[in-house]
Amino acid sequence: MSVYVITGVSKGIGFEFLKQISEDQKNLVVGLVRDIAATEKKIAAELGDRPNVHILHADLTKYASLKQAASDTAKITGERGIDYLVANGAFVPDLDGYGPIGALSDKVEEVDAVSSQLSQTNVVGNIHLFHLFLPLVLKGKVKKVITITTGLADIDFTNQCEAETGALYAASKAAMNVIVAKFNAQYKKDGVLFLGISPGVVDVGRTPTPEEMQGLMGFMGKLVTYAPHFKGPISPEESVRHVRSTWEKASIEGGFGGAFISHLGNKQAAMVRAIFSYAIEACGNKSDKDTDSDKDSDKDAHIVSDSRSPKSPKKFYTAIHFHDLPHLHRLCSIPY
């Protein structure tokens, strides 16, 4: 039996994490959300009675709520502690979701407000989450702390593919990637694996508006000339299966401590897939809120690189060609 604590399980891949993991009655799953009633209603309607699932209130922007959630979790898990802490919750704004950073030049107040919320939610909130739940992780047997991140945060990919979109969100995730590495630097000696994983391009059925599609296509046009073998989005079920498989295989001994990789276990695929994951998620996320095999990688993207190691310092070149552009209307990744 394993014990999991997952943030942002109210919908999207967060809910899928809860769904898949709790299918095994031997697992104990604690989901942290802002709206307990709505989440419990969704669980009852779609999953039925699952006594191994516990939903607690927590808000990444409110330290007191995280502290209370940690205390309540300790009462639920007892001396077992927790094996997996999954930081899935995040704030994904639509302010710069499908436009370049220069488009923000006259949006001073919006940039200030969104940047503040991004920092508080995606960075500071997760720092508090880690600090508060780490004593429980240290009690557990597996000792893995997983952060759901994005390929937009990679500097090499941004420069080589001229990825203009999602600047503010990317900055918050890049900061969080550093935080993951810093926690790894301190706690790997205690056997705790800290790891950042991109979930990939995930289809949750949301249709972008014509304006959103235009902005999205402008960005994708920069990548189409490379013509790799990207086939389109994957389902939340497939994404979560890959992510779980990746974190099961990852270890400190294998060099994954503090790493930033894709749901397929390599860095390069993370850059290709997650950049689309965010661009389409942002243009479809008008609420701005809601805390969320290697052979298969060849089906989706061609990687021009002779190294798949997350520790490799080599630069790489990646790109995506959509063989069925109308299929874009179905793209939308919800990482929270």
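The values are calculated or read from the model by the stated rules, or taken from the named source; none is laboratory data. The model shown is predicted, which means the values in this text are computed figures rather than measured ones. Quick reminder, even Gly has a Cβ in these numbers, built from the backbone with ideal geometry, and neighbours come from all protein chains shown.
In the stretch 35-47, the residues that are surrounded by 13 or more Cβ atoms within 10 Å (Cβ to Cβ) form Cβ pairs under 6 Å with partners that are part of a loop (DSSP other than H, G, I, E, B), at six or more places apart or across chains, as follows: Thr39/Ser10.
Suppose the filter is among the hydrophobic types (A, V, I, L, M, F, W, C) and not in a loop (DSSP other than H, G, I, E, B); does Leu118 pass it?
On the way: among the hydrophobic types (A, V, I, L, M, F, W, C): yes; not in a loop (DSSP other than H, G, I, E, B): yes.
In short, yes.
Test of understanding: among Ile21, Ile101, Ile36, which residue is modelled with pLDDT under 95 and on the phi < 0 side of the Ramachandran plot? Talk me through it step by step, then tell me what you get.
On the way: Ile21 fails: modelled with pLDDT under 95; Ile36 fails: modelled with pLDDT under 95.
Among Ile21, Ile101, Ile36, only Ile101 is modelled with pLDDT under 95 and on the phi < 0 side of the Ramachandran plot.
What do you reckon, is Tyr84 among the aromatic types (Phe, Trp, Tyr) and in contact with a Cys (Cβ under 9 Å, 6 or more places away or on another chain)? It is false that Tyr84 is among the aromatic types (Phe, Trp, Tyr) and in contact with a Cys (Cβ under 9 Å, 6 or more places away or on another chain).
If the condition is being buried (at least 20 other Cβ atoms within 10 Å of the Cβ), farther than 17 Å from Thr150 by Cα and among the β-branched types (Val, Ile, Thr), then the stretch 99-130 contributes only Val114.
Would you confirm whether any residue within the stretch 82-92 is part of a helix (DSSP H, G or I), modelled with pLDDT of 95 or more and either surrounded by fewer than 24 Cβ atoms within 10 Å (Cβ to Cβ) or among the aliphatic types (A, V, I, L, M) (or both)?
In the first step, residues of the stretch 82-92 are kept if they are part of a helix (DSSP H, G or I); the result is none.
No, that holds for no residue.
Just name the residue that is nearest to the chain's Cα centre (by Cα) out of those in the stretch 33-51 that are over 22 Å from Leu129 (Cβ atoms) and not in a helix (DSSP H, G or I). If we take residues in the stretch 33-51 being over 22 Å from Leu129 (Cβ atoms) and not in a helix (DSSP H, G or I), then Leu47 is nearest to the chain's Cα centre (by Cα). The single condition among (1) over 21 Å from Ile21 (Cβ atoms); (2) surrounded by fewer than 20 Cβ atoms within 10 Å (Cβ to Cβ) that Asp96 does not meet is (2). Taking first residues from the stretch 236-265 that are over 25 Å from Lys189 (Cα atoms) and partners that are acidic (Asp, Glu), the Cβ contacts under 7 Å between residues at least 6 apart in sequence or on separate chains come to Pro236/Glu16; Glu237/Glu16; Val240/Glu16; Leu264/Asp294; Leu264/Asp296.
Residue by residue, here is whether (1) within 18 Å of the chain's Cα centre (by Cα); (2) over 23 Å from Tyr84 (Cβ atoms); (3) not in a helix (DSSP H, G or I) holds:
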{"site": "Glu162", "(1), (2), (3)": "no, yes, yes"}
{"site": "Ala170", "(1), (2), (3)": "yes, yes, no"}
{"site": "Met176", "(1), (2), (3)": "yes, no, no"}
{"site": "Ile179", "(1), (2), (3)": "yes, no, no"}
{"site": "Lys182", "(1), (2), (3)": "no, no, no"}
